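The values are calculated or read from the model by the stated rules, or taken from the named source; none is laboratory data. Only a predicted model underlies this, so the values are computations on that prediction, with no experimental measurement involved. Because the Cβ atoms are built from the backbone with ideal geometry, glycine has one as well, and the counts that use them run over all protein chains shown.
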């Protein structure tokens, strides 16, 4: 729990011998250091990972690792050049930098209004449905513009005019009930 007993400190160490990732993160305890794998992390950029958190309270975030749930001080994270930001803020900040967002499996429904009882405009899934976010947010929902392509823009010789099948606008629940993103994107671009 926040402000509970300190069991260790999150540390980052530069790797000298591995070209896959320039660093690894570990939990240093009084008697051991346990390496945290990136299994529960999210690749959000070229060699940049996020540590998802599920609750924020009193200046601490709760993270789930392969070793269990832990509370980490946001102040300590900031001192290590990490930042604790909600997914919705991250997605909005990256919106213009990424090729597009895509619905995670099994897909999403575009709705007329930002709620699950609203009429469904269309169900989308796969990377031929490119999602662009607007700044219109209502809770876990965002107003979006979805472009349906005939062929993926990274793998086609068609120009935009011939490749765009249709454009759909509506609302998508971009954050799930557990606080995780319902969207994914190509972290390394095309």
The listed residue being touching a residue at least 24 places away in the same chain (Cβ under 8 Å) and assigned to a strand (DSSP E or B), out of 61, 88, 121: 121
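Residue by residue, here is whether (1) out of contact with any strand residue (DSSP E or B) (no Cβ under 7 Å at 6 or more places or on another chain); (2) touching a residue at least 40 places away in the same chain (Cβ under 8 Å); (3) within 24 Å of residue 51 (Cα to Cα) holds:
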residue	(1), (2), (3)
104	no, yes, yes
116	yes, yes, no
128	no, no, no
134	no, no, no
Which residues, taken from the stretch 122-137, are farther than 26 Å from residue 154 by Cβ and either at pLDDT below 95 or surrounded by 12 or more Cβ atoms within 10 Å (Cβ to Cβ) (or both)? 135, 137
Give the stretch 137-151 a look and list any residue that's in a strand (DSSP E or B) and farther than 12 Å from residue 169 by Cα, or say none. 137, 138, 141, 149
